Amino acid sequence: MLKFQNKIVVITGSGTGIGKAIAIKFAENGANIVILGRRKEPLEEAAKELEQVIAKANSKSFVKIFPGVDVSDEEGVSKMFDDLKKSHGTVDILVNNAGVSGPVTCFPNAAISEFKSTVGIHLTGTFWTSTQAIKTMKVGSKIVTISTFFTEEKPYEQRPYRFRSPYTASQGAKNRLAEAMSWELTDKKIISIATNPGPVHSDRIYKTVYPKAAAEFMRVSGFENLTPEEVEAVNVDILPLLGEDENTVKHGIAQAAAKMAKSKSITSESDIQKLGTTISALLAKIQNIAEKVQNNTSKMIADEQFLTQQQVAETVLMLSDDAIGQILNGKVIPGDRVFYPVKPHVACSIPETQANFDSKVVVFAVDATDESDVARTEFLAQKIEDVGGKTVILISKTSPKVAEERLSKFHSHVMDLTNQESVKRMLNTATQKVGPISSVIYITGKVLQNSKFVDLSRKEWDGLVDKFINTPAIFMQETIGTFVPGGAKNPPLFKGKEGTMVIIGPDMPAGGKVTGAERARVEVFRGALRPFATTVNQELSDVLKSKLRMYLVLPGSVDGTESSNDNILKAISHLTSGKAVNNAEIIYYPDETRS
């Protein structure tokens with residue numbers, strides 16, 4: 001028998017690329033293959049190729065396709081697994097491969113709808129596909145999740161990945177979700193492993209990610225006589241020309257020039273030709289930068305080689321082996337292939353800094369889970385007002401009723417923090433009525449430990465993702481817009497601007513009998529916020545040349561020590577003083593004792 005004979009393997013995002021390579025590798029080893037994706041045509045082509053592989057292997061296996069299935073779609077995924085259970089019984093292996101590039105732009109310029117969509121596909125798609133697959137799985141089944149090396153962490157490092165904030169947030173959470181599921185599935189004896197293959201040869205990386213990153217560099221600075229908005233507009237038309245033949249490129253540039261000329265009311269033929277020359281030079285510059293990014297990345301790998309899609313497929317096949325799977329259950333493999341040196345963004349010790357809030361306006365946003373989150377907000381706001389600061393507290397309407405009562409002594413308002421327009425309006429109102437905002441502090445609240453993640457309904461999961469990822473992103477983006485009005489579309493406005501943003505939480509569970517599963521569940525969302533914060537910060541400092549900073553304070557300790565609001569106040573005093581603006585550290589663990 002072939003190694004995976006009679007096994008049913010479901011691979012998401014499997015019509016092309018890495019997913020298709022994984023499907024072929026399993027088919028060569030005798031597996032029954034289930035492939036799915038949003039587009040029907042690639043799946044049908046992949047199915048034909050897989051049928052040929054199966055015939056050659058003489059395994060008598062089957063191929064089943066589910067076109068039109070987006071992994072973030074609750075109904076489509078649930079129906080697919082219901083159909084599989086009725087027709088074939090059990091699923092033996094699930095490979096979470098589906099993904100998208102997401103917006104490749106500075107966070108202030110990224111549409112929140114695209115941010116949510118990226119998180120929805122990478123993180124929620126992985127979660128929901130896994131939970132539905134589990135319903136069809138038996139002892140020894142496996143979930144293999146493919147993530148990215150850019151979000152993986154070392155003790156004092158957290159990699160930024162500029163222009164990719166929703167991607168890094170969702171991928172960081174996805175790694176930690178794979179770990180959390182391994183804890184939660186021990187009773188079912190189902191294995192959960194993640195793999196970070198590092199850079200892989202693919203059209204996505206060469207034709208999308210690197211060129212779009214290069215294009216964003218050009219948008220931020222502008223190019224020759226084009227404004228940032230004009231660069232952004234023309235990039236949409238010219239990026240698809242990369243890699244095309246000379247005539248296609250010439251024709252495409254001429255069309256782009258004519259389109260821009262019309263928008264600028266340019267009618268002179270010579271001026272349109274000049275515009276074409278500028279656009280041609282822009283495309284060449286973008287290609288040059290993209291190639292440099294690719295070359296620089298390869299220099300950080302020992303053999304200077306990106307992996308092939310077939311090599312990734314081999315890795316997934318290995319991790320699906322029964323013996324190897326048991327050994328590596330709960331691990332992220334490999335931790336890294338890329339030696340990517342970063343500054344020490346993580347700190348456990350906080351310098352003593354005299355609080356200086358005299359006449360400064362500090363806005364709190366709190367999405368309290370319980371009364372302790374309300375008490376924390378009250379404590380911090382009162383301490384700031386005691387030293388002359390002015391506070392405004394925006395309370396999520398989902399917070400406990402006690403929040404409105406206890407925080408009513410401050411300038412407070414209950415609102416829908418998930419509504420971006422409402423957030424924008426309230427920040428503008430605070431600026432007009434109280435004064436220019438100097439700092440914004442977002443309190444996420446705690447992660448409740450009332451049930452396993454794998455047992456949650458889709459509505460419950462979506463609520464957690466909104467609470468700990470999407471809503472903080474909305475608030476931070478609107479805060480940046482308040483600090484630098486118009487900066488999203490006109491990046492030079494950021495230069496030299498000041499302002500401090502702090503996200504607090506979620507807390508590590510406290511107590512003498514905290515389980516690994518409880519810690520792992522909290523780490524899913526801390527794992528999203530760490531790369532998100534470092535990515536946005538690098539954009540604000542290194543790319544946009546501002547003095548705006550976004551910090552992350554994560555209370556509690558791995559040993560179960562109760563978090564201290566005094567330590568959080570100490571962190572806030574330091575971070576809002578301006579003394580931290582030139583430091584590398586932007587993630588703080590105020591209750592950890594490690595040095």
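Would you mind stating whether Lys207 is closer than 28 Å to Ser170 by Cβ and assigned to a loop (DSSP other than H, G, I, E, B)?
In short, no.
Residue-wise test of (1) within 24 Å of Gln309 (Cβ to Cβ); (2) assigned to a loop (DSSP other than H, G, I, E, B); (3) out of contact with any strand residue (DSSP E or B) (no Cβ under 9 Å at 6 or more places or on another chain).
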{"site": "Arg162", "(1), (2), (3)": "no, yes, yes"}
{"site": "Thr168", "(1), (2), (3)": "yes, no, yes"}
{"site": "Ala173", "(1), (2), (3)": "no, no, yes"}
{"site": "Glu179", "(1), (2), (3)": "no, no, no"}
{"site": "Ser182", "(1), (2), (3)": "no, no, no"}
{"site": "Thr186", "(1), (2), (3)": "no, yes, yes"}
{"site": "Lys189", "(1), (2), (3)": "no, yes, yes"}
{"site": "Ala194", "(1), (2), (3)": "yes, no, no"}
{"site": "Pro197", "(1), (2), (3)": "yes, yes, no"}
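Listed here are the residues, each with its yes/no results for (1) free of Cβ contacts under 8 Å to residues at least 12 places away in the same chain; (2) under 16 Å from Ser563 (Cα atoms); (3) in contact with a helix residue (DSSP H, G or I) (Cβ under 8 Å, 6 or more places away or on another chain); (4) surrounded by fewer than 20 Cβ atoms within 10 Å (Cβ to Cβ).
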{"site": "Pro351", "(1), (2), (3), (4)": "no, no, yes, yes"}
{"site": "Val366", "(1), (2), (3), (4)": "no, no, yes, no"}
{"site": "Asp370", "(1), (2), (3), (4)": "no, yes, no, yes"}
{"site": "Leu394", "(1), (2), (3), (4)": "no, no, yes, no"}
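Against the condition outside any helix (DSSP H, G or I), modelled with pLDDT of 95 or more and closer than 30 Å to Glu74 by Cβ, how does Ser399 come out, does it pass? Explain how you work it out, then say what you get.
Details: outside any helix (DSSP H, G or I): yes; modelled with pLDDT of 95 or more: yes; closer than 30 Å to Glu74 by Cβ: yes.
When the stated conditions are applied, Ser399 passes them.
Let's see how each residue does on (1) crowded, with 16+ Cβ neighbours inside 10 Å; (2) modelled with pLDDT of 95 or more; (3) more than 29 Å from Asp73 (Cα to Cα):
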site: Ser408; (1), (2), (3): no, yes, yes
site: His413; (1), (2), (3): no, yes, yes
site: Asp416; (1), (2), (3): no, yes, no
site: Arg425; (1), (2), (3): no, yes, yes
site: Ile437; (1), (2), (3): yes, yes, yes
site: Ile441; (1), (2), (3): yes, yes, yes
site: Val447; (1), (2), (3): yes, yes, no
site: Asp455; (1), (2), (3): no, yes, no
site: Val465; (1), (2), (3): yes, yes, no
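Has the range 33-54 got at least one residue that is within 18 Å of Thr136 (Cβ to Cβ), under 26 Å from the mean Cα position of the chain (by Cα), part of a strand (DSSP E or B) and of a type outside the set (D, E, K, R)?
The answer is yes; a qualifying residue exists.
Given the criteria over 28 Å from Glu314 (Cβ atoms), in contact (Cβ under 8 Å) with a residue 24 or more places away in the chain, in contact with a helix residue (DSSP H, G or I) (Cβ under 7 Å, 6 or more places away or on another chain) and in a loop (DSSP other than H, G, I, E, B), does Pro108 qualify? Spell out the reasoning first.
On the way: over 28 Å from Glu314 (Cβ atoms): yes; in contact (Cβ under 8 Å) with a residue 24 or more places away in the chain: yes; in contact with a helix residue (DSSP H, G or I) (Cβ under 7 Å, 6 or more places away or on another chain): yes; in a loop (DSSP other than H, G, I, E, B): no.
Considered against the rule, which asks whether it is over 28 Å from Glu314 (Cβ atoms), in contact (Cβ under 8 Å) with a residue 24 or more places away in the chain, in contact with a helix residue (DSSP H, G or I) (Cβ under 7 Å, 6 or more places away or on another chain) and in a loop (DSSP other than H, G, I, E, B), Pro108 comes out as no.
Can you list the helices (runs of 4 or more DSSP H) lying wholly within the range 225-340 that have 1 or more residues being over 30 Å from Lys174 (Cβ atoms) and of a type in the set (A, V, I, L, M, F, W, C)?
The qualifying helices (runs of 4 or more DSSP H) are 228-238, 246-263, 269-298.
Specify the residue that is nearest to Gly527 (Cα to Cα); the eligible residues are those in the range 544-595 that are charged (D, E, K, R) and crowded, with 21+ Cβ neighbours inside 10 Å.
Kept after step one, since they are charged (D, E, K, R), are these residues of the range 544-595: 545, 547, 549, 559, 562, 566, 570, 579, 585, 591-592, 594.
From what's left, crowded, with 21+ Cβ neighbours inside 10 Å: 549, 591.
Values: Arg549: 19, Asp591: 18 Å.
Out of the qualifying residues, it is Asp591.
Would you please list the contacts, defined by Cβ atoms under 6 Å and residues six or more apart or on different chains, that run from a residue in the range 424-441 that is of a type in the set (Gly, Ala, Ser) to a residue that is not in a strand (DSSP E or B)?
From the range 424-441, the pairs are Ser438/Lys360; Ser439/Thr576.
Mind checking which pairs have a first residue in the range 243-259 that is free of Cβ contacts under 8 Å to residues at least 12 places away in the same chain and among the small types (Gly, Ala, Ser) and a second that is surrounded by fewer than 16 Cβ atoms within 10 Å (Cβ to Cβ) and assigned to a helix (DSSP H, G or I), Cβ under 6 Å, 6 or more apart or different chains?
Cβ pairs passing all conditions: none.
Anything in the range 10-32 that is under 24 Å from Ser78 (Cα atoms) and within 27 Å of the chain's Cα centre (by Cα)? List them, or say none.
Val10, Ile11, Thr12, Gly13, Ser14, Gly15, Thr16, Ile18, Gly19, Lys20, Ile22, Ala23
Could we say that Ala169 is in contact with a helix residue (DSSP H, G or I) (Cβ under 8 Å, 6 or more places away or on another chain), under 30 Å from Gly486 (Cβ atoms) and without any contact (Cβ under 8 Å) to a residue 60 or more places away in the chain here?
no
Filter the range 140-160 for residues that are within 27 Å of Ala21 (Cβ to Cβ), in contact with a helix residue (DSSP H, G or I) (Cβ under 6 Å, 6 or more places away or on another chain) and not in a helix (DSSP H, G or I) and give the result.
Listed by number, the residues that qualify are Lys142, Ile143, Val144, Thr145, Ser147, Thr148, Arg159.
Checking Thr124 against (1) in a helix (DSSP H, G or I); (2) surrounded by fewer than 22 Cβ atoms within 10 Å (Cβ to Cβ); (3) touching a residue at least 12 places away in the same chain (Cβ under 8 Å), which single condition isn't satisfied?
Going through the list (1) in a helix (DSSP H, G or I); (2) surrounded by fewer than 22 Cβ atoms within 10 Å (Cβ to Cβ); (3) touching a residue at least 12 places away in the same chain (Cβ under 8 Å), Thr124 breaks only (2).
Let's see how each residue does on (1) surrounded by 21 or more Cβ atoms within 10 Å (Cβ to Cβ); (2) of a type in the set (D, E, K, R); (3) in contact with a His (Cβ under 8 Å, 6 or more places away or on another chain); (4) within 19 Å of Ala133 (Cα to Cα):
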| residue | (1), (2), (3), (4) |
| --- | --- |
| Lys20 | yes, yes, no, no |
| Gly30 | no, no, no, no |
| Arg39 | no, yes, no, no |
| Glu45 | no, yes, no, no |
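The values are calculated or read from the model by the stated rules, or taken from the named source; none is laboratory data. Note that the structure is predicted; figures quoted are calculated from it, not measured. In this analysis, Cβ positions are derived from the backbone assuming ideal geometry, glycine residues included, and neighbour counts consider all displayed protein chains.
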